[in-house]
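S.K.: If you scroll down you'll find the structure; I have some questions about it.
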């Protein structure tokens with residue numbers, strides 16, 4: 001044997017010995033990024049049919065990843081949707097389906113100075129990943145309690161930059177709220193920030209976080225303020241789209257996605273990063289100058305129809321999620337908790353029930369959904385249940401001058417517009433879905449008759465103890481009195 005062959009053989013034997021001695025090389029923990037848009041319509045991006053808004057970077061995400069056409073959030077409004085995403089549980093399970101502040105515009109989402117917030121005893125997706133060695137950041141809209149002890153760093157995030165609730169909860173509001181705060185961690189850094197710059201500032205903060213943590217696993221939660229009302233775009237995008245101000249904002253959000261994807265490629269960590277893009281609920285409020293679209297879904301934000309809960313969603317992970325793929329299987333925002341934990345090798349909480357399912361097989365291979373059912377809830381009421389293609393309303397639901405009576409059944413695969421009741425043709429399906437609903441009532445409640453036995457309490461302080469992050473223009477007792485009159 002010549003010397004070169006001998007050296008080569010020795011090198012191979014050494015490599016084999018190392019593999020045997022050390023075992024298989026473990027795959028690095030993937031990075032995770034959730035890009036969470038506020039009030040984006042189902043059909044407002046190119047991959048979901050928009051021909052009004054230019055979204056080349058989201059088109060790229062779809063071409064290089066997976067389009068999820070039956071992806072659900074657990075509520076059709078802000079606060080409960082966010083609580084479900086971070087805890088992997090229906091908002092009702094973690095007692096975040098209603099606020100605790102009298103005299104507000106509605107009783108569902110949290111408002112400035114609310115004496116209620118996500119309980120720090122809850123284990124969030126950020127805490128599970130943090131315990132597994134991840135750097136974590138929340139950049140954007142929080143909306144899970146504005147008392148300082150309930151802000152993001154109490155829930156597993158190393159750092160926070162953003163606004164603590166919706167952008168309409170400032171001095172512009174008819175409810176006479178205090179100035180909108182912009183926070184870094186728990187510190188107030190600005191009041192009533194220029195909202196046209198928020199998308200850019202969040203993007204800059206996100207890029208800096210990614211760059212700083214490129215050599216370790218990280219979790220970036222990026223809940224954008226836009227396109228929630230009031231709507232703002234930066235001067236670089238305002239007036240540039242063919243769909244008015246709304247289109248300008250969507251195109252700026254698409255730019256932000258592109259900045260993040262390009263940064264991952266530049267740092268050569270794209271093949272070890274998972275990116276999810278979706279909205280917190282359906283879109284709302286077209287005007288004479290722009291169109292918000294949820295087609296082909298019925299209704300939008302706030303409703304119990306598909307347009308409230310089913311949102312446009314894209315999953316991108318080169319080498320893990322097949323390029324150009326699509327899944328119409330039921331998937332939910334709650335599923336990201338157990339799915340990310342699986343991919344990270346993290347441990348799920350043993351004593352906290354979560355409602356999310358591990359959808360890694362759906363994303364990686366297009367496997368069937370692990371969900372037997374999905375429930376459409378608002379406040380403490382159960383309105384409908386979906387299983388497979390079937391959706392049954394289990395409570396009368398009135399919207400837009402018409403009522404969908406309890407017992408109405410839709411086949412969503414054949415009738416996504418929810419305008420053809422087929423209950424008379426499928427009594428066995430109706431009975432099966434009613435049984436699923438009954439089980440859920442006992443677990444998570446349904447009005448005063450069913451308080452629910454699977455509910456964990458949110459965090460509370462007294463109304464007198466609750467404070468706002470910026471100073472109110474008048475005492476809260478006067479604001480409450482004005483709201484109630």
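The values are calculated or read from the model by the stated rules, or taken from the named source; none is laboratory data. All of these numbers come straight from a predicted model, not from anything done at the bench. Methodologically, a virtual Cβ is constructed for each residue, glycine included, from the backbone with ideal geometry; neighbour enumeration extends over all protein chains shown.
S.K.: Only one residue in 326, 364, 271 is out of contact with any helix residue (DSSP H, G or I) (no Cβ under 8 Å at 6 or more places or on another chain) and in a strand (DSSP E or B), so which one is that?
M.R.: Criteria check complete, one pass: 326.
S.K.: Output the residue which, of all residues in the stretch 463-478 that are surrounded by 15 or more Cβ atoms within 10 Å (Cβ to Cβ) and touching a helix residue (DSSP H, G or I) at 6+ places or on another chain (Cβ under 9 Å), is modelled with the lowest pLDDT.
M.R.: It comes out as 472.
S.K.: Confirm whether residue 258 is surrounded by fewer than 21 Cβ atoms within 10 Å (Cβ to Cβ), outside any loop (DSSP other than H, G, I, E, B) and touching a helix residue (DSSP H, G or I) at 6+ places or on another chain (Cβ under 7 Å).
M.R.: For residue 258, the condition - surrounded by fewer than 21 Cβ atoms within 10 Å (Cβ to Cβ), outside any loop (DSSP other than H, G, I, E, B) and touching a helix residue (DSSP H, G or I) at 6+ places or on another chain (Cβ under 7 Å) - is met.
S.K.: Just to be sure before I move on: is residue 83 in contact (Cβ under 8 Å) with a residue 60 or more places away in the chain and either assigned to a loop (DSSP other than H, G, I, E, B) or closer than 24 Å to residue 391 by Cβ (or both) in the structure I sent?
M.R.: yes
S.K.: Which numbered condition trips up residue 352, out of (1) within 19 Å of the chain's Cα centre (by Cα); (2) surrounded by fewer than 20 Cβ atoms within 10 Å (Cβ to Cβ); (3) touching a residue at least 40 places away in the same chain (Cβ under 8 Å)?
M.R.: Just one mismatch for residue 352, condition (1).
S.K.: Checking residue 315 against (1) assigned to a helix (DSSP H, G or I); (2) in contact with a strand residue (DSSP E or B) (Cβ under 6 Å, 6 or more places away or on another chain), only one condition comes out false. Which one?
M.R.: (1) is the only condition that residue 315 fails.
S.K.: Now for a different question. Anything in the stretch 67-90 that is crowded, with 23+ Cβ neighbours inside 10 Å and more than 30 Å from residue 150 (Cβ to Cβ)? List them, or say none.
M.R.: The one that is crowded, with 23+ Cβ neighbours inside 10 Å and more than 30 Å from residue 150 (Cβ to Cβ): 68.
S.K.: Within the stretch 175-192, track down each residue that is surrounded by 19 or more Cβ atoms within 10 Å (Cβ to Cβ) and not in a strand (DSSP E or B).
M.R.: 177, 178, 179, 180
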